[in-house]
Amino acid sequence: MGLLNVGARALMANQVALQTAGNNIANVNTPGYSRQSVALQTVQGQFSGAGYIGQGVDVRTILRNQSELLTRQAAAAGSVSAGDTVRAQRLSQLQEIFSGGPTGLGAAINDMMNAFSDVVAAPTDLSARTLVLTRMDETASRMRTSADRINEIQYTVTEELKNSANTVNSLAKQMAAINEQIARATGNGQTPNDLLDQREQVIREINQYVQTTQIPADDGTIGLFVGGSQPLVLGTTATEVAVGDSGTFPSSGQVNSGQVKLLFTRPGSPKIELDENMLGGGSISGLLRFNNTDLAEGRNLLGRMALAIGRSINYQQGMGLTLDGEKGKPLFSEPKSALGYTSGIAEGIIDFQTPLGTSQFAASDYEVRFTSPPGGQIIRLSDNTTTNVLDFTDPAGVMMDGLTFKFTAAGTLNERVLFKPFADAAANIQALVYSPRDLAAANPVNAAMDPSNGGTLQLAELKTTGAHWKTTGTPPVFVDPPEIISNGVVADITLDPQTIPSQITLKYEQDKGGFIISGTSERPLNVPPPDTYVAGTTVVPYTSGQAIRLNGWSITLKGTPKDGDIVTVGDAKLDGDYYTRNAGNATALMNLRDVKMFDESTLSDGYASAMAQVGTRTQSALFASDLSKSIAVNLENDRTAVSGVNLDEEAAKLLQYQQAYQASAKMLQIAQSVFDTLIQNLGR
């Protein structure tokens, strides 16, 4: 009987080994499957006078081949790779909006500014004026189209985030159910290999959306945590997640603050917000980072450009006269204010009614923090530059980066307010003037050289600027127009040029090397305080090619004047219809293309700068994606080297176990023959 028992046990053990090898081969392409192997053990021998006689073999357990360390490392690396990959893909879409070529926004801006040259050459040519207005309408249209494309990308990102959150919830519930099955199966003393494989596969799938950390429990379950401490799965309970607007900066009406967070909604607990910086890897983290930072920067770059172009052109348009002798009306629509987002009691806006310096604009959102109400800080979120403020409720407002922050009600201690000044500027820009006669191409001032002049004095440029001395304060403060702010504080600027007297005379004093200005009591901007200035007496120094700047306008002369040479400046409309043939303001409008408007770049180069910023961010993201993907692939290869099924190896095992099975069967056959012989002999 002993031989029969040994053979039977061997037959059963080798059958299990064959079945296990066959199961490995069958699941070679099953995601998450870990290779299994049979662990055999010798049956305790039977004692006899001749020693212990072997009793055969038993199957101790079915081993699951896997490395806990490699499994977790591969899941974490895959999560980081998923986040980097989806962000790089979305940035590539954003980069397409900031493209060059003849159909790009940069080409439209250049065509618009270059079109002024025809008006300069022929100010009464209505077709040239019409071309300028057409180019302006096309530029506004391309800006709106670009803004719409950004909004479309944001919509698809939001929908993808919502779908990803739903998928995570489904996988979390699935894992909780598997945890329950594993806890039950673990009680029998054996490891439920297939359930463990299923759970690890679910964890890997969850990590594709959001990076997790794992903590095992004594009952065989695993707790899954997001953001370091928030339990996504705890034992057999799953917490639902959602994607929505930040509770700190909620949306207002139809306007979206743009700040999207991952929300944890645990029963009986307050809603918890997690941002991309807390989530680590996963596609949700990558999409949140793209939405809250990359997409916001792209929208701000576009909006800043739209606001700077519209404001600068509108300002200079207001400095000139139309063909009908009227003051120029705005060519582009401009926002009146930007609302602040807060969940508290603060009431604040960024006021766009006060003319500001576009050269100071930064493509950024801003956050106001009431660290010491009514005072606190303004933080530029693009680089965390901070400005301390004593009182936000000052009626004059608080300035930073050319923006005026105004609050009618201060916030409570530690209340935060988010401002997005450029978010909607490009989406709402419109061309407002369609009649060619309404293009203000002429200067409201005119200049003439006295016929008796003996020198070579010539008029190089005459234009209205709006630059003047601030009317309040001691000493007076020099104020430049929006597009070229420098030398002081911005205040008291309006779109109306300063009053031009009917006649101002500049008479050259050769022995003093400058002009004496008569006809106005205004202090020239060339003579700053504390220098003494007496109208009609003080000499304003003259240098060929350098502007003499008076209240609201400037004149640039060149050449060598002689003593007593006179230049007369007056209201252009007092000289008949001369202003209709003048293109001084059109020249000033055309010259805006060479004015530094933002990031130390001219209007012509501003779009190229925006392209470079988005392109640099995209290339950086693509590099990070390639690197994290390489790491994830290598770690997954290391994991599958331990857990994966090798068909050649399993085929060799099949032959090995087949031969062992046949030998075991032969052992049973021999035992049966011996037993039959014994029975026959005993029967005689």
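The values are calculated or read from the model by the stated rules, or taken from the named source; none is laboratory data. Since the structure is predicted, the reported quantities are computational estimates derived from the model, not experimental observations. Backbone-built Cβ (ideal geometry, glycine too); neighbour counts: all protein chains shown.
Restricting the stretch 652-675 to residues that are touching a residue at least 24 places away in the same chain (Cβ under 8 Å) and within 30 Å of D197 (Cα to Cα) leaves a set whose member that is surrounded by the fewest Cβ atoms within 10 Å (Cβ to Cβ) is Q658.
Name the residue that is nearest to I206 (Cα to Cα), counting only residues in the stretch 218-256 that are modelled with pLDDT under 85 and in a strand (DSSP E or B). Among those residues, the one meeting the criterion is D245.
Filtering the stretch 18-25 for residues that are of a type in the set (A, V, I, L, M), part of a helix (DSSP H, G or I), surrounded by fewer than 13 Cβ atoms within 10 Å (Cβ to Cβ) and under 52 Å from the mean Cα position of the chain (by Cα) leaves an empty set.
Given (1) touching a Leu at 6+ places or on another chain (Cβ under 9 Å); (2) not in a helix (DSSP H, G or I), identify the lone condition not met by G570. All conditions pass for G570, except number (1). The residues listed here are S620, S609; of these, the one that is part of a helix (DSSP H, G or I), of a type in the set (G, A, S), in the same structural domain as T124 (by TED's automatic domain parsing) and modelled with pLDDT of 90 or more is S620.
One line per residue, one yes/no per condition, for (1) under 30 Å from Y434 (Cα atoms); (2) in contact with a Phe, Trp or Tyr (Cβ under 8 Å, 6 or more places away or on another chain); (3) of a type in the set (A, V, I, L, M):
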{"site": "K271", "(1), (2), (3)": "no, yes, no"}
{"site": "S285", "(1), (2), (3)": "no, no, no"}
{"site": "T293", "(1), (2), (3)": "no, no, no"}
{"site": "G303", "(1), (2), (3)": "yes, yes, no"}
{"site": "A308", "(1), (2), (3)": "yes, yes, yes"}
{"site": "Q316", "(1), (2), (3)": "yes, no, no"}
{"site": "D324", "(1), (2), (3)": "yes, no, no"}
{"site": "S337", "(1), (2), (3)": "yes, yes, no"}
{"site": "I345", "(1), (2), (3)": "no, no, yes"}
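Looking at the stretch 421-432 only, could you name the residues that are in a loop (DSSP other than H, G, I, E, B) and out of contact with any Ser or Thr (no Cβ under 7 Å at 6 or more places or on another chain)? First the steps, then the outcome.
Going through the stretch 421-432, the residues in a loop (DSSP other than H, G, I, E, B) turn out to be 421-424, 429-430, 432.
P421, F422, A423, D424 - these are the residues of the stretch 421-432 that are in a loop (DSSP other than H, G, I, E, B) and out of contact with any Ser or Thr (no Cβ under 7 Å at 6 or more places or on another chain).
Of the residues making up the stretch 289-320, just one is hydroxyl-bearing (S, T, Y) and at pLDDT 90 or above, namely T293. For the stretch 158-170, the condition holds for no residue, the condition being that it is among the polar types (S, T, N, Q), under 30 Å from R87 (Cα atoms) and outside any helix (DSSP H, G or I).
Starting from residues that are within 16 Å of L331 (Cα to Cα) and in contact (Cβ under 8 Å) with a residue 40 or more places away in the chain, keep the ones in the stretch 115-127 and report whichever is surrounded by the most Cβ atoms within 10 Å (Cβ to Cβ). Break it down into steps so the answer makes sense when it comes.
Within the stretch 115-127, the subset within 16 Å of L331 (Cα to Cα) is 115-116, 119.
Applying the additional criterion that residues be in contact (Cβ under 8 Å) with a residue 40 or more places away in the chain yields 116, 119.
On the way: F116: 27, V119: 24.
So the residue we want is F116.
Of the set (1) in contact with a Gly (Cβ under 9 Å, 6 or more places away or on another chain); (2) more than 27 Å from L133 (Cα to Cα); (3) surrounded by 18 or more Cβ atoms within 10 Å (Cβ to Cβ), all apply to N551 but (1). Restricting the stretch 90-111 to residues that are surrounded by 17 or more Cβ atoms within 10 Å (Cβ to Cβ) and over 19 Å from G606 (Cβ atoms), the residue that is nearest to the chain's Cα centre (by Cα) is L91. Within the stretch 223-230, is even one residue of a type in the set (S, T, Y) and crowded, with 17+ Cβ neighbours inside 10 Å? The answer is no; no qualifying residue exists. Reported count of residues in the stretch 425-440, each being closer than 11 Å to E326 by Cα and crowded, with 17+ Cβ neighbours inside 10 Å, is 3.
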